[in-house]
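Written out below as structure tokens is the structure these notes cover.
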There are 2 protein chains.
Amino acid sequence: MRLYDNGFSSNCRKLRIAAAELELSLELVTVDPFTGAGRTAEYLAKNPMGKVPTLEDDGFVLWESTSICDYLASKRPERALAPVDPRGRADMWRWLSWYSMHIQPWMVTLVAELRFKERSGGTPDDGVVEHALRELARFVPVLDAHLTGREYVLDRFSVADICLGVGFESATFATVDLAPFGNIRAWLTRLQQRPRWERSR
Amino acid sequence: MRLYDNGFSSNCRKLRIAAAELELSLELVTVDPFTGAGRTAEYLAKNPMGKVPTLEDDGFVLWESTSICDYLASKRPERALAPVDPRGRADMWRWLSWYSMHIQPWMVTLVAELRFKERSGGTPDDGVVEHALRELARFVPVLDAHLTGREYVLDRFSVADICLGVGFESATFATVDLAPFGNIRAWLTRLQQRPRWERSR
């Protein structure tokens, strides 16, 4: 399997961690989504979003990191990195959807506004920043409460920990303070202690 | 199965349509997420997001509408409303994740800013509105291009059509102009012609 990858993309890091946990070998092809290779007609034919990651597996082309992560897990069912029963799968996709809908858009917005906008000559929009912080202030506590007395998002280490964990590791870079959320911080420490958990750059 | 539902919620409408397509009977319990029932400790214990919908199925409690929709499909595998093979499932969750991450947050933001904020004494934030419109302008064309020569999001009518279709039906209310997107408009018309497609209110 080939992964169109970028070392600085947290969405790609999810898949490198999943592959390491699953002992799956991925051929990594570096793509810069902002310039050059990521903008070619050839790449956009594979991934019309023009983003990374993209997975190619014997003619099957997949993008959106959460779905790729689950697909990788399906290659090694004996590792049980994703549930297979309907309730377990529904529980996993509840948390992956929750993260995609209520967390990641606002983290991405904060990084874009506060970390990258000035580099390209822009000025952060205070209203956009406050709106993103307000959404996160509403929803981050839901995961913190869920993790009370739990080691992982589901009953055991899974794709949900990889996707949400990598996402929440970006909180500091997104200027989101996790200090009030002790359960989330303890869970991130547990994930970071896993030998195959690749550290962020 | 019991669905905590609200007639005005498009996320609940997805599940009423899925249940109709699957000929599954749901006990509907109306909840107003903004007041009363949606704010009780009893309801928040089921759904800590304090939103609708929530599904209860013999002790299993599930929230996040896309995951519930897929779970309902798993109750009637013979109807094939969701793929069962890993590639088919990955393709479906690619589009559901794409919608959750790149479309719905901005549609919800526009509805909140432009339709509800003034009713509660606020003023729409131009920066927040422009940011949401910019995100949608970037990503809506990806679905329109994907639907070229296709009847449905996947190879046949599925959970992806229900979740994305109901979402895109809200575009006008969210002030998003679908006029330039002929493939999306034709697809919505096809969905609306299905006898079990409940119209929006």
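Listed residues B:173, B:168; which is away from chain A (no Cβ under 13 Å), at pLDDT below 95 and within 22 Å of residue B:69 (Cβ to Cβ)? Steps first, answer last, please.
Working: B:168 fails: at pLDDT below 95.
Matching residue, one of B:173, B:168: B:173.
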How many residues are away from chain A (no Cβ under 12 Å) and surrounded by fewer than 17 Cβ atoms within 10 Å (Cβ to Cβ) when one looks only at the stretch B:101-141? 8
Return a yes/no flag: does the stretch A:95-116 have any residue that is closer than 18 Å to residue B:128 by Cβ and over 17 Å from the mean Cα position of the chain (by Cα). yes
Which of the residues spanning the stretch B:80-95 are in a helix (DSSP H, G or I) and either facing chain A (nearest Cβ under 7 Å) or farther than 15 Å from residue A:93 by Cα (or both)? B:86, B:87, B:88, B:90, B:93, B:94
Flagged in the stretch B:145-176 as farther than 16 Å from residue B:14 by Cα and surrounded by 17 or more Cβ atoms within 10 Å (Cβ to Cβ), in numbering order, are B:147, B:154, B:174, B:176
Those residues of the stretch B:7-54 that are among the aliphatic types (A, V, I, L, M), under 13 Å from the mean Cα position of the chain (by Cα) and not in a loop (DSSP other than H, G, I, E, B) come to a total of 3
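Among the residues of the stretch A:55-79, which ones are within 18 Å of residue B:88 (Cα to Cα) and assigned to a helix (DSSP H, G or I)? Reasoning before the result, please.
Initially, the stretch A:55-79 is screened for residues within 18 Å of residue B:88 (Cα to Cα), giving A:55-77.
A:65, A:66, A:67, A:68, A:69, A:70, A:71, A:72, A:73, A:74, A:77, listed by residue number.
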Being over 25 Å from residue A:49 (Cβ atoms), facing chain A (nearest Cβ under 8 Å), among the small types (Gly, Ala, Ser) and surrounded by fewer than 23 Cβ atoms within 10 Å (Cβ to Cβ): is that true of residue B:74 here? yes
Given (1) closer than 21 Å to residue B:49 by Cβ; (2) surrounded by 21 or more Cβ atoms within 10 Å (Cβ to Cβ), number of the condition residue A:88 does not satisfy: (2)
Of those in the stretch A:7-32 that are of a type in the set (A, V, I, L, M) and closer than 16 Å to residue A:50 by Cα, the residue surrounded by the most Cβ atoms within 10 Å (Cβ to Cβ) is A:31
Residue B:89 passes all but one of (1) free of Cβ contacts under 8 Å to residues at least 24 places away in the same chain; (2) on the phi > 0 side of the Ramachandran plot; which number fails? (2)
Kindly check whether there is at least one residue in the stretch B:78-87 that is touching an Asp or Glu at 6+ places or on another chain (Cβ under 6 Å), at pLDDT below 95 and not charged (D, E, K, R). no
Which listed residue is under 25 Å from residue B:78 (Cβ atoms) and of a type outside the set (A, V, I, L, M, F, W, C), from B:180, B:195: B:195
Check on residue A:51, under 22 Å from residue B:139 (Cβ atoms) and either away from chain B (no Cβ under 12 Å) or among the hydroxyl-bearing types (Ser, Thr, Tyr) (or both): no
Here are B:74, B:158, B:170, B:97: which of them is in contact (Cβ under 8 Å) with a residue 40 or more places away in the chain, within 28 Å of residue A:59 (Cβ to Cβ) and among the hydroxyl-bearing types (Ser, Thr, Tyr)? B:158
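The values are calculated or read from the model by the stated rules, or taken from the named source; none is laboratory data. Here the structure is a predicted model, which means the values were calculated and not measured. Ideal geometry is used to build each Cβ from the backbone, glycine not excepted, and the neighbour counts take in all protein chains shown.
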